[in-house]
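To keep things clear, I will list the structure first and then write my remarks on it.
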Amino acid sequence: MAKITVQFTCAECGTTSGRWLGKCPGCGAFGSLVEELHGSATERSVAALKPVKLGAVRAEEATRLSTGIAELDRVLGGGLVPGSLVLVGGEPGVGKSTLLLTALGAIARDGRRALLVTGEESAAQVSLRAARLGGTDSVEILAETELDAVCATLEAERPDVCVIDSVQTLHAAALGSAPGSVGQVREAAGRLLRVAKEANVATVLVGHVTKDGAVAGPRVLEHLVDCVLQFEGDRYHEHRVLRATKNRFGSTNELGVFEMTASGLVGVPDPSELFGTTRAGEVGAAVGCALEGTRPLLLEIQALVAPTDLAMPRRVGTGVDPKRLAMIVAVLGRHAGVALASADVFVNVAGGVRIEEPGADLAIALAIASAARGAPVREGVAAFGEIGLTGRLRQASQAERRLEECAKLGVAIVVVPDGTTARSAVRLARAETLRAAIAAGLEPRERSEEAVA
Ligand SMILES: Nc1ncnc2c1ncn2[C@@H]1O[C@H](COP(=O)(O)OP(=O)(O)OP(=O)(O)O)[C@@H](O)[C@H]1O
Ligand SMILES: [Mg+2]
């Protein structure tokens, strides 16, 4: 029998040590030693194995488990893959437990075995939530934090789906460190990965996120699992967005939108209708069409331009990349005659959605230009397109998809970069430069008393 020993390994350079040290003797990094379990391999004799041809490997593609939540299935790439390991991260209180309990309920109602391992809440607490959500009577529950016990249960019971809420509460007795520490989380994820593959249990780990939004624990956790989902959204806002940041079985660009209600999370199948409307004549608001995976999304983008005495005026974006925002503000100033050097610029994307693709540039620029000039965006106008540093517009990807979405929601005119073609029944206003796009998108009237520039 191989002897299990505890070793400390440097996360930076891999140097090992028998005891914990503050400074790695190998690379000199501080606090990088992590506790790990090692089985000594001295007495093991290893037989050579025979590789097989990839063509001879049989796999059934059509065996995905539907979670009963259409938006979650979409983000997973069509449902849970049996035996896969999924990590769901999100800020405290965003609704991770709610979402997964709802999914387990639907899976159990479908006649499959669904197990919830809860380390954070007691069984009684979960039952209170279950009563509020309804339809979760057949979900099995285990209140346990001991890693060995959890793994043994999974191997013996072999449920179809298991949710671990959360991976930070699991505790391997052989390691001396506290639950939630890097060594513990890594050990838990590694063990669960093996059990998930061997017992063919689709396992969902709930993970906490750090202040800057990354899943807490080592980066290696994200490498281990098959799929990393981020659950985002304002805790004080009822809309939540679920996106995949890694997916071995599907696209990572898909987006699921939910609304938090008293009876749980409800999927929003048509978020454009919800987020993509502005009030006619409102200064500083524009509608953009961003593409999230295969899903075009109309979004209201709001901007505020306020005079400032600060030497370095502020550019604050909620839901937009700060670097892109700074770039758009600079291009507006240099190439479109919208001077913002002595003004603070605030930009906000409706519904707590975060835009990460350049196709939304033009709508952000229109909102800022509208706020700066005090002229509203023309009624029924939406815009999309990438802004280049020279002030020229570049075509956005999958324009036809976006235009279809605009047509569906009754947008009258879409301001697009030159060269964009349309088959949809929607009128286009093509513009070569940002300056021309602003002229096409904004009402000509300028209320100078409100204008900053
Ligand atoms: N009665 C209720 N009516 C409406 N919304 C509720 C109600 N009870 C809870 N919620 C919502 O559920 C959220 C908590 O959900 P949940 O416990 O699933 O979050 P979580 O992500 O698992 O949090 P944690 O990280 O603390 O485990 C609350 O922030 C609140 O928005
Ligand atoms: Mg929770």
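Quick notes on this structure:
- Multiplying the residue separation of Thr421 and Val46 by 0.36 nm and removing their Cα-Cα distance gives an extension gain of 128.7 nm.
- Antiparallel content of DSSP bridges confined to the range 111-262, in %, to 5: 45 percent
- Considering only the chain, percent of DSSP beta bridges that pair antiparallel, nearest 5: 55 percent
- Total formal charge among the other residues, if their Cβ is under 12 angstrom from that of Asp226, Lys/Arg +1 and Asp/Glu -1: +2
- Here the chain is scanned for GluC sites (Glu not before Pro) in DSSP loops (not H, G, I, E, B) that have at most 10 other Cβ atoms within 10 Å, and the longest stretch holding none of them is 62-448.
- Hypothetical label at Ala412: residues of the range 359-384 whose amide nitrogen lies under 15 Å (7 Å Cα-Cβ projection): 376-383
- Nearest-ten-degree value, helix 182-199 long axis tilted from longest Cα axis of the chain: 80 degrees
- Stretchable slack from Ala330 to Glu238, in nm (0.36 nm times residue separation minus alpha-carbon distance): 29.7 nm
- For Leu116, the shell of other residues with beta-carbons less than 14 Å away shows a net charge of -4, using +1 for Lys and Arg and -1 for Asp and Glu.
- Prolate/oblate/rounded call for the range 48-197, Cα gyration tensor, a/c under 1.5 rounded: oblate
- Sites Lys246 and Ala439 - FRET efficiency at Förster radius 51 Å, r taken between beta-carbons, to 0.05: 0.75
- Amide hydrogen proximity for Leu205: with H placed 1.01 Å from N in the peptide plane, the residues at 5 or more positions away or on another chain lying under 5 Å are Val86, Leu87, Val88, Ile164.
- Shown is the FRET efficiency for Asp148 and Ser397, computed with R0 = 51 Å from the Cβ-Cβ distance and rounded to the nearest 0.05: 0.55.
- Computed from backbone phi with θ = phi - 60° and the Karplus coefficients 6.51, -1.76 and 1.60, the 3J(HN,Hα) list for the range 329-334 is 4, 5, 5, 4, x, 7 Hz; x is used for glycine and proline.
- Solvent-accessible area per residue in the chain equals 48 Å², computed with a 1.4 angstrom probe and all protein chains kept.
- Label-point separation in nm, Thr390 to Ser122, each point 7 Å along Cα→Cβ: 6.9 nm
- Pairwise centroid distance, computed over Cα atoms, of the range 133-175 with the range 330-373, Å: 47 Å
- Antiparallel bridge percentage (DSSP; both residues within the range 354-453; nearest 5): 35 percent
The values are calculated or read from the model by the stated rules, or taken from the named source; none is laboratory data. All values reported here derive from a predicted model rather than from experimental measurement. Reconstructed Cβ throughout: ideal geometry from the backbone, glycine too, with neighbour counts over all protein chains shown. These area figures cover heavy atoms from the full protein model, side chains too; ligands, DNA and RNA do not enter into them. Shrake-Rupley method; radii C 1.70, N 1.55, O 1.52, S 1.80 Å.
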